[in-house]
Amino acid sequence: MGRTVTVKKEGQSLKLFAAKMRGKGRSPLKVNMKDILTGLIGGFLTIFALIILTNITETAWLMASFGASCVLAFVAWNAPLSQPRNIIGGHFVSTLTGLVILHLIGDEPWAMGLAVGLAISFMILTKTTHPPAGADPIIVMIGGYSWGYLITPVFIGSIIIVIFALLLNNLRRNREYPTFWF
């Protein structure tokens, strides 16, 4: 009899666990033409400027995760994870973590996993969580980048994203960006 009760409890727990994954309701996201244009113009101008800087200076100013940062900066501009502290700090902390692991341990698969996990933890600890920056350790380790990558493209590039976000978001009457700096 004890075995039957245990099996039933496990079955109920599994059903409750699975039920959490069904989701409820519909997407709360709205389609707004001004938001579409802000995202289009913001993403275009920011990435285009970083590419032009790369071509003029022959220094890398662009990395893939900056595209995702533009989504947050221009579309989810008022979210806590989209603020300047998070864009700049998140990319800096995550890239630094990736560089430290790369240069201490190497680019083994387990080291990449460790670097991403540590980067997430350090972003939380420093209140600089920025989801696109979670990719930075992978970018650093796959590319085998040196310490200079932390400054260009990461630090200066993320500042450029914030500058465009400041300019374009505040052109909209109903937006005030950022909602916080520190």
Worksheet item: Consider Met63 against the criteria (1) assigned to a helix (DSSP H, G or I); (2) touching an Asp or Glu at 6+ places or on another chain (Cβ under 8 Å): it satisfies all of them except one. Which criterion is unmet?
Response: (1)
Worksheet item: Hey, any hits in the range 167-175 for a residue that's modelled with pLDDT of 95 or more, open to solvent by 50 Å² or more (accessible area, probe 1.4 Å), closer than 23 Å to Ala111 by Cα and over 16 Å from the mean Cα position of the chain (by Cα)?
Response: no
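Kindly establish whether Leu104 is of a type outside the set (Lys, Arg), closer than 26 Å to Lys30 by Cβ, in contact with a helix residue (DSSP H, G or I) (Cβ under 9 Å, 6 or more places away or on another chain) and at pLDDT 95 or above.
Spelling it out, it is not the case that Leu104 is of a type outside the set (Lys, Arg), closer than 26 Å to Lys30 by Cβ, in contact with a helix residue (DSSP H, G or I) (Cβ under 9 Å, 6 or more places away or on another chain) and at pLDDT 95 or above.
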Worksheet entry | From Ser27, Ser13, residue being modelled with pLDDT under 85, among the small types (Gly, Ala, Ser), open to solvent by 60 Å² or more (accessible area, probe 1.4 Å) and not in a loop (DSSP other than H, G, I, E, B) | Ser13
Worksheet item: Does Gly117 count as surrounded by fewer than 19 Cβ atoms within 10 Å (Cβ to Cβ) and at positive phi?
Response: no
Item to complete: Give the range 15-59 a look and list any residue that's of a type in the set (Lys, Arg) and touching a residue at least 12 places away in the same chain (Cβ under 8 Å), or say none.
Response: Lys34
Item to complete: Mind listing just one residue for me: the one in the range 23-58 that is among the aliphatic types (A, V, I, L, M) and in contact with a helix residue (DSSP H, G or I) (Cβ under 7 Å, 6 or more places away or on another chain) and, of those, nearest to Asn78 (Cα to Cα)?
Response: Ile41
Worksheet, complete the sentence: Scanning the range 156-166 for residues that are open to solvent by 40 Å² or more (accessible area, probe 1.4 Å) and either among the aliphatic types (A, V, I, L, M) or modelled with pLDDT under 95 (or both), the one farthest from Thr54 (Cα to Cα) turns out to be Leu166
Discussion item. Considering only the range 147-155, I want to know if a residue exists there that is in contact (Cβ under 8 Å) with a residue 60 or more places away in the chain, surrounded by 14 or more Cβ atoms within 10 Å (Cβ to Cβ) and of a type in the set (A, V, I, L, M, F, W, C).
Written reply: yes
Item to complete: Taking only the range 67-114 into account, find how many residues are more than 14 Å from Tyr145 (Cβ to Cβ), open to solvent by less than 10 Å² (accessible area, probe 1.4 Å) and of a type in the set (A, V, I, L, M).
Response: 3
Worksheet item: Would a scan of the range 99-107 turn up a residue that is assigned to a helix (DSSP H, G or I) and farther than 22 Å from Ala60 by Cβ?
Response: yes
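If I filter the range 129-146 down to residues being open to solvent by 10 Å² or more (accessible area, probe 1.4 Å) and in a loop (DSSP other than H, G, I, E, B), which single residue comes out as nearest to Gly67 (Cα to Cα)?
Selected residue: Thr129.
The values are calculated or read from the model by the stated rules, or taken from the named source; none is laboratory data. From a predicted model like this one, the values you see are computed outputs, not experimental measurements. No Cβ is skipped: glycine too gets one built from the backbone with ideal geometry, and neighbour counts run over all protein chains shown. The area values use the complete protein model at the heavy-atom level, side chains included, leaving out ligands, DNA and RNA. Shrake-Rupley method; radii C 1.70, N 1.55, O 1.52, S 1.80 Å.
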